[in-house]
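Chemist: Would you mind keeping the following structure in view while I ask a few things?
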2 protein chains.
Amino acid sequence: MMNYFNKENLNDVKILDKSEYPSKSPAKEKVSKDVEKLIKDLKIKDNSVLSFHHHLRNGDKVLNLVMKEIQKVGIEGITLMASSLFPVHKEIIPLIKDGTIENIVTSYITGELADVISRGGLKGNIIVQSHGGRARTILNEEIEIDIAFIASPSTDNMGNISGVNGRNSCGALGYAMADGIKAKKVVAVTDSLIEYPNYPADITEDYVDNVLLIESIGLKEGIVSGTTRVTKDPIGLKIAKDTLKVMEATGLLKDGLSFQSGAGGTSLAVTSYLKDYMIKNNIKGSFASGGITGYLTDMLEEDLFTSLFDVQCFDLEAIESLKKNPNHLRMSASQYGNPEVSTVVDNLDIVILGATEIDRNFNVNVTTGSDGVLMGGSGGHQDTAAGSKVSIIVSKLFSSRIPLIKDKVDVITTPGSTVDVLVTERGIAINPLRKDLIKSFEEANLKTVTIEELKKYSESIMGKPKDIKKSDRIIGLSEYRDGSILDYIYAVEE
Amino acid sequence: MMNYFNKENLNDVKILDKSEYPSKSPAKEKVSKDVEKLIKDLKIKDNSVLSFHHHLRNGDKVLNLVMKEIQKVGIEGITLMASSLFPVHKEIIPLIKDGTIENIVTSYITGELADVISRGGLKGNIIVQSHGGRARTILNEEIEIDIAFIASPSTDNMGNISGVNGRNSCGALGYAMADGIKAKKVVAVTDSLIEYPNYPADITEDYVDNVLLIESIGLKEGIVSGTTRVTKDPIGLKIAKDTLKVMEATGLLKDGLSFQSGAGGTSLAVTSYLKDYMIKNNIKGSFASGGITGYLTDMLEEDLFTSLFDVQCFDLEAIESLKKNPNHLRMSASQYGNPEVSTVVDNLDIVILGATEIDRNFNVNVTTGSDGVLMGGSGGHQDTAAGSKVSIIVSKLFSSRIPLIKDKVDVITTPGSTVDVLVTERGIAINPLRKDLIKSFEEANLKTVTIEELKKYSESIMGKPKDIKKSDRIIGLSEYRDGSILDYIYAVEE
């Protein structure tokens with residue numbers, strides 16, 4: 001087309017002859033019910049990149065079904081770009097072993113599959129990246145997805161995908177949106193075919209090439225919890241209470257507050273205390289973001305926040321709220337945390353995060369467990385830690401007698417330069433980089449300790465944690481959201 | 001990143017040194033109030049491609065403001081990618097003359113600016129393309145937009161753009177979406193800065209680089225009509241009545257009907273007759289699409305359609321409906337009619353379209369007037385004609401004593417191979433290509449004539465239309481939605 005801007009060329013431009021005139025363009029049939037035939041028709045090549053999302057979590061049946069069908073056809077060397085992998089995905093272990101799947105790119109992995117990979121079971125490598133980092137690599141074409149298989153709680157015959165309709169509704173589909181936009185081919189896999197047009201659409205028909213209708217995309221009870229619950233553990237509750245004091249001391253608990261926390265018991269306790277605090281002090285917040293729970297939708301409906309930015313729904317209350325509240329907003333993983341664009345996390349005041357391990361420089365590991373085996377990944381950890389004004393790690397000093405604080409974490413998931421405060425049952429430590437917070441906390445008369453003091457106490461109780469026995473074989477990388485590499489992931493010793 | 005999939009390379013991968021650890025990433029300030037400074041800061045180069053949308057129609061102040069500021073800086077050779085250009089844009093005529101603007105790509109152009117261009121006033125060329133074709137060229141990167149200046153009825157400080165909020169609300173922003181996604185830089189130009197987050201967002205913050213706050217983006221009365229009105233002209237009403245008979249004869253007036261018509265008086269009369277017909281016959285349609293009027297929102301609210309696909313709102317009723325009706329859906333121009341993807345037009349049963357000229361092969365001109373001067377363009381004409389099961393042209397045989405039917409239309413806008421029926425006050429002509437329709441109409445005892453008969457009648461009244469005096473200087477091209485070229489556009493003789 002740009003050639004047409006050259007004046008001299010116009011006389012040479014060929015115009016269509018009548019015989020070449022276009023015909024009408026009726027809609028093409030997209031729906032198929034035969035997974036075997038569809039996989040053959042897609043002519044997937046060896047070494048393709050195939051993507052899946054994790055909104056169906058441990059109830060997902062789509063990834064296993066599709067990948068096993070691909071195995072049958074004898075395709076090899078697949079790079080599996082799954083936004084997260086859960087225990088249910090142990091069914092693809094044989095595909096790791098026989099080389100159907102060669103590499104894995106994910107933001108979170110846990111269960112037997114993670115175990116096998118940690119023992120060196122993957123022919124290629126595993127890259128663990130953040131939710132925002134995943135959106136970045138897809139949208140900037142650092143990784144080109146050949147086919148995105150999008151588990152769809154509902155579509156119509158043209159492929160308008162909605163996460164709130166259908167019998168296996170899971171709510172927002174934030175992690176699937178970049179895949180929908182960028183994959184060379186998009187297959188919506190659904191068990192609920194709805195009359196055209198299906199709305200509200202998370203991904204619209206113009207992005208969808210095929211609709212595969214199967215019997216069931218998932219098990220409801222694995223997809224969402226009926227409801228998420230605050231911890232009853234008194235230590236967890238004490239940490240949550242102290243976290244509220246920390247939040248108060250930051251000076252950010254005022255009108256316009258923006259807040260994110262996870263769905264763990266202690267995080268929910270923080271959310272619950274925050275709610276009481278906001279009611280008592282008549283604070284009207286701006287937004288809450290991330291994975292959304294019923295605790296946050298209650299706060300939305302009580303007008304404590306003006307809106308929610310929802311990348312995934314954690315419970316049934318969140319799904320119901322997304323259906324009915326116009327200020328409960330869907331967001332893509334890119335809008336959530338892609339470091340190459342302007343995002344919601346960059347507008348976040350406070351985020352509450354967990355940790356498996358933390359070192360004296362506040363570097364956090366949530367990728368591997370105390371035995372060095374993969375059992376997590378960044379998810380939104382890196383993104384929110386970087387974007388928020390104050391990132392707060394809440395954790396007990398010991399988990400099953402294993403200490404939290406170490407000289408060196410097994411794998412660096414989130415760099416300490418973006419982690420601001422650690423709240424434990426034995427005290428609150430501020431990252432020395434945050435001189436502003438040290439000052440605020442002093443002014444608020446909030447007692448703090450150094451992370452060294454916490455470490456010393458921890459070691460006085462449980463002794464110095466033993467080094468994890470790792471082999472010297474690198475099996476993967478812990479990637480930072482911007483694409484730089486934070487750490488190697490080593491195989492564990494057999 | 002793909003290098004990381006090579007097992008051997010992992011040991012060589014450089015991991016970040018502690019000294020290189022990232023810092024926090026707080027949100028950057030995007031808002032500026034100084035258009036002069038912003039234009040300088042953007043460092044726009046000569047020969048850049050700049051895009052604008054036309055949702056503010058003849059009330060738009062943004063294009064003139066921005067382009068005049070660019071002229072001041074002395075930038076030359078701009079390709080102006082404006083989704084449509086209206087009489088209000090005559091203010092940029094001096095920029096055509098002095099070479100600030102060299103080429104124009106648009107879907108519709110009318111007014112003094114069109115006149116100047118038709119007289120050879122543009123240094124470069126003008127490409128007239130359809131709405132769907134525009135989305136195609138942007139999304140497939142055939143044209144790369146350097147900066148999209150998006151007139152925004154409202155944004156927040158992070159650039160979440162909503163067309164329904166703000167004092168100059170215009171409703172859906174379907175024509176700006178591809179620009180928002182693909183432009184190298186996106187500047188939201190607004191006169192209503194709203195508290196974060198602004199929702200529902202047509203374009204989200206992750207796509208927006210700058211927010212320019214100005215006094216006024218437009219004149220409300222030029223943006224939308226208070227309400228759109230059915231024609232009172234008895235000839236127009238007769239044509240509309242006959243069009244309903246045509247629609248009935250197609251067999252498509254039944255449950256599940258999908259329908260589109262424009263906002264012209266005759267088209268609205270067809271919509272109005274259709275409404276009565278659907279009520280009387282208890283028909284529940286599927287969707288109506290395109291530019292949306294109060295006539296269609298009434299039909300939505302009376303449950304005659306399950307949903308509306310809205311690419312732009314034509315009147316205040318449409319904007320109000322978009323705000324409150326969850327089944328009144330926004331659509332992008334790509335979802336509407338991009339020929340490279342699956343679209344709404346391809347699911348359309350019937351579309352009602354106009355014509356300035358039509359030839360015996362049903363080729364339609366809506367790009368130039370009877371004097372050969374630019375006064376329109378495809379808009380959605382090509383897209384809906386191609387996608388719909390039946391495309392119906394409604395037109396009087398004469399407009400200001402100028403005949404509709406010619407041996408050869410001045411510029412082919414829409415190829416006759418996609419145009420199915422012509423309804424005039426002197427009879428209904430079916431495109432001979434549509435043998436199926438000829439049969440249906442016979443079965444329905446609907447009397448038709450040939451287009452030759454209509455032409456003969458027309459010439460018996462007004463004589464053979466004179467040839468338009470055109471120079472042999474090609475000034476532009478009439479592009480088909482798929483990128484092929486339908487026709488040259490010649491300068492008119494001085």
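Chemist: Quick one: is residue A:10 in a helix (DSSP H, G or I), within 10 Å of chain B (Cβ to nearest Cβ) and open to solvent by less than 20 Å² (accessible area, probe 1.4 Å)? Can you show your working first?
Modeler: Working: in a helix (DSSP H, G or I): yes; within 10 Å of chain B (Cβ to nearest Cβ): yes; open to solvent by less than 20 Å² (accessible area, probe 1.4 Å): yes.
The answer is yes for residue A:10.
Chemist: Another question about this same structure. Is it the case that region B:462-471 has a residue that's under 28 Å from residue B:333 (Cβ atoms), within 14 Å of chain A (Cβ to nearest Cβ) and not acidic (Asp, Glu)? First the steps, then the outcome.
Modeler: Within region B:462-471, the subset under 28 Å from residue B:333 (Cβ atoms) is none.
The answer is no; no qualifying residue exists.
Chemist: Considering B:205, B:215, B:195, which residue is within 11 Å of chain A (Cβ to nearest Cβ), modelled with pLDDT of 95 or more and open to solvent by 60 Å² or more (accessible area, probe 1.4 Å)?
Modeler: On the way: B:205 fails: open to solvent by 60 Å² or more (accessible area, probe 1.4 Å); B:215 fails: within 11 Å of chain A (Cβ to nearest Cβ).
B:195 is the lone residue from the list that is within 11 Å of chain A (Cβ to nearest Cβ), modelled with pLDDT of 95 or more and open to solvent by 60 Å² or more (accessible area, probe 1.4 Å).
Chemist: If I go through region A:366-378 residue by residue, how many of them are outside any loop (DSSP other than H, G, I, E, B) and crowded, with 24+ Cβ neighbours inside 10 Å?
Modeler: Start the filter on region A:366-378 by keeping residues that are outside any loop (DSSP other than H, G, I, E, B), which leaves A:368, A:374, A:376.
Okay, now just the ones that are also crowded, with 24+ Cβ neighbours inside 10 Å, so A:368, A:374.
Summing the residues that are outside any loop (DSSP other than H, G, I, E, B) and crowded, with 24+ Cβ neighbours inside 10 Å in region A:366-378 gives 2.
Chemist: Looking at region B:132-156, which of its residues are open to solvent by 30 Å² or more (accessible area, probe 1.4 Å) and touching a helix residue (DSSP H, G or I) at 6+ places or on another chain (Cβ under 6 Å)? Show your work before the answer.
Modeler: Looking only at region B:132-156, we keep the residues that are open to solvent by 30 Å² or more (accessible area, probe 1.4 Å), and these are B:139-142, B:144, B:146.
Result: B:139, single match.
Chemist: Among (1) closer than 30 Å to residue A:135 by Cα; (2) without any contact (Cβ under 8 Å) to a residue 40 or more places away in the chain; (3) open to solvent by less than 30 Å² (accessible area, probe 1.4 Å), which single condition is residue A:73 missing?
Modeler: (3)
To keep it simple, each residue is scored yes or no on (1) over 30 Å from residue A:162 (Cα atoms); (2) in the same structural domain as residue A:388 (by TED's automatic domain parsing); (3) in contact with a strand residue (DSSP E or B) (Cβ under 9 Å, 6 or more places away or on another chain).
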{"position": "A:264", "(1), (2), (3)": "no, yes, yes"}
{"position": "A:267", "(1), (2), (3)": "no, yes, yes"}
{"position": "A:271", "(1), (2), (3)": "no, yes, yes"}
{"position": "A:276", "(1), (2), (3)": "yes, yes, no"}
{"position": "A:282", "(1), (2), (3)": "yes, yes, no"}
{"position": "A:302", "(1), (2), (3)": "no, yes, no"}
{"position": "A:306", "(1), (2), (3)": "no, yes, yes"}
{"position": "A:311", "(1), (2), (3)": "no, yes, yes"}
{"position": "A:319", "(1), (2), (3)": "no, yes, yes"}
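Chemist: Now, a different point. Say we look at region A:23-44 and pick out the residues that are under 21 Å from residue A:62 (Cβ atoms) and open to solvent by 80 Å² or more (accessible area, probe 1.4 Å); which of these is nearest to the other protein chains (Cβ to nearest Cβ)? Steps first, please.
Modeler: Within region A:23-44, the subset under 21 Å from residue A:62 (Cβ atoms) is A:30-44.
Now drop any that are not open to solvent by 80 Å² or more (accessible area, probe 1.4 Å), which leaves A:33, A:36-37, A:40-41, A:43.
Values: A:33: 19, A:36: 24, A:37: 20, A:40: 22, A:41: 17, A:43: 20 Å.
It comes out as A:41.
Chemist: Could you check region B:434-464 and list, in sequence order, the residues that are open to solvent by 60 Å² or more (accessible area, probe 1.4 Å) and not in a helix (DSSP H, G or I)?
Modeler: Listed by number, the residues that qualify are B:445, B:447, B:450, B:464.
Chemist: I need every pair where a residue in region B:181-192 that is in contact (Cβ under 8 Å) with a residue 12 or more places away in the chain has its Cβ under 6 Å from the Cβ of a residue that is among the aromatic types (Phe, Trp, Tyr) and in a strand (DSSP E or B), sequence separation at least 6 or different chains.
Modeler: Going by the 6 Å Cβ cut-off, the qualifying pairs are B:187/B:149; B:189/B:149.
Chemist: Moving to a separate point now. Restricting to region A:105-131, name every residue that is more than 10 Å from chain B (Cβ to nearest Cβ) and either free of Cβ contacts under 8 Å to residues at least 12 places away in the same chain or open to solvent by less than 10 Å² (accessible area, probe 1.4 Å) (or both).
Modeler: The first filter runs over region A:105-131 and keeps only residues more than 10 Å from chain B (Cβ to nearest Cβ), leaving A:106-121, A:128, A:130-131.
Scanning region A:105-131 gives A:106, A:107, A:109, A:113, A:114, A:117, A:118, A:128, A:130.
Chemist: Among the numbered criteria (1) open to solvent by less than 20 Å² (accessible area, probe 1.4 Å); (2) of a type outside the set (Lys, Arg); (3) touching a residue at least 12 places away in the same chain (Cβ under 8 Å), which single criterion is violated by residue B:200?
Modeler: (1)
Chemist: Please count how many residues of region B:267-310 are free of Cβ contacts under 8 Å to residues at least 60 places away in the same chain, over 17 Å from residue B:254 (Cβ atoms) and open to solvent by 20 Å² or more (accessible area, probe 1.4 Å).
Modeler: Summing the residues that are free of Cβ contacts under 8 Å to residues at least 60 places away in the same chain, over 17 Å from residue B:254 (Cβ atoms) and open to solvent by 20 Å² or more (accessible area, probe 1.4 Å) in region B:267-310 gives 4.
Chemist: Could you list, in sequence order, the residues of region B:432-458 that are within 14 Å of chain A (Cβ to nearest Cβ) and more than 15 Å from residue B:243 (Cα to Cα)? First the steps, then the outcome.
Modeler: Of the residues in region B:432-458, the ones within 14 Å of chain A (Cβ to nearest Cβ) are B:432-437.
Of everything in region B:432-458, those that are within 14 Å of chain A (Cβ to nearest Cβ) and more than 15 Å from residue B:243 (Cα to Cα) turn out to be B:432, B:433, B:434, B:435, B:436.
Chemist: Anything in region B:469-493 that is surrounded by fewer than 23 Cβ atoms within 10 Å (Cβ to Cβ), among the aromatic types (Phe, Trp, Tyr) and touching a Leu at 6+ places or on another chain (Cβ under 7 Å)? List them, or say none.
Modeler: B:488
Chemist: I'd like the residue in region A:389-417 that is more than 14 Å from chain B (Cβ to nearest Cβ) and among the hydroxyl-bearing types (Ser, Thr, Tyr) and, out of all such residues, is least open to solvent (accessible area, probe 1.4 Å).
Modeler: Going through the qualifying residues, I end up with A:395.
Chemist: A follow-up question, please. Of all the residues that make up region B:210-254, how many are charged (D, E, K, R) and part of a loop (DSSP other than H, G, I, E, B)? So that I can check it myself, show each step before the final result.
Modeler: To start, the set of residues in region B:210-254 that are charged (D, E, K, R) comprises B:215, B:220-221, B:229, B:232-233, B:238, B:241-242, B:245, B:248, B:254.
After this cut, where a residue has to be part of a loop (DSSP other than H, G, I, E, B) as well, the list is B:215, B:229, B:232-233, B:254.
Of the residues in region B:210-254, 5 are charged (D, E, K, R) and part of a loop (DSSP other than H, G, I, E, B).
Chemist: Count, please, the residues in region B:465-494 that happen to be assigned to a strand (DSSP E or B) and not aromatic (Phe, Trp, Tyr).
Modeler: Here is the first cut: in region B:465-494, the residues assigned to a strand (DSSP E or B) are B:470-479, B:485-492.
With not aromatic (Phe, Trp, Tyr) added as a condition, the list becomes B:470-479, B:485-487, B:489, B:491-492.
Of the residues in region B:465-494, 16 are assigned to a strand (DSSP E or B) and not aromatic (Phe, Trp, Tyr).
Chemist: Name the residues in region B:190-209 that are over 13 Å from residue B:35 (Cα atoms) and in a strand (DSSP E or B), would you?
Modeler: Hits for region B:190-209 are B:193, B:203.
Chemist: Is it the case, given these coordinates, that residue A:20 is within 14 Å of chain B (Cβ to nearest Cβ), over 19 Å from residue A:100 (Cα atoms) and more than 22 Å from the chain's Cα centre (by Cα)? Walk me through it before giving the result.
Modeler: Numbers: within 14 Å of chain B (Cβ to nearest Cβ): yes; over 19 Å from residue A:100 (Cα atoms): yes; more than 22 Å from the chain's Cα centre (by Cα): yes.
Considered against the rule, which asks whether it is within 14 Å of chain B (Cβ to nearest Cβ), over 19 Å from residue A:100 (Cα atoms) and more than 22 Å from the chain's Cα centre (by Cα), residue A:20 comes out as yes.
Chemist: If we keep just the residues of region B:45-70 that are part of a loop (DSSP other than H, G, I, E, B) and open to solvent by 20 Å² or more (accessible area, probe 1.4 Å), which is nearest to the other protein chains (Cβ to nearest Cβ)? Before the answer, list the steps.
Modeler: Step one: of region B:45-70, the residues part of a loop (DSSP other than H, G, I, E, B) are B:45-48, B:53-56, B:61.
Then keep just the ones that are open to solvent by 20 Å² or more (accessible area, probe 1.4 Å); that gives B:45-47, B:61.
Working: B:45: 15, B:46: 13, B:47: 9, B:61: 26 Å.
Restricting to residues being part of a loop (DSSP other than H, G, I, E, B) and open to solvent by 20 Å² or more (accessible area, probe 1.4 Å), the top hit is B:47.
The values are calculated or read from the model by the stated rules, or taken from the named source; none is laboratory data. Everything numeric in this text was worked out from a predicted model, so none of it was measured. Cβ sites come from the backbone with ideal geometry, for glycine too, and all protein chains shown count toward neighbours. Accessible surface is based on the protein model in full, side chains and every heavy atom, while ligands, DNA and RNA are left aside. Shrake-Rupley method; radii C 1.70, N 1.55, O 1.52, S 1.80 Å.
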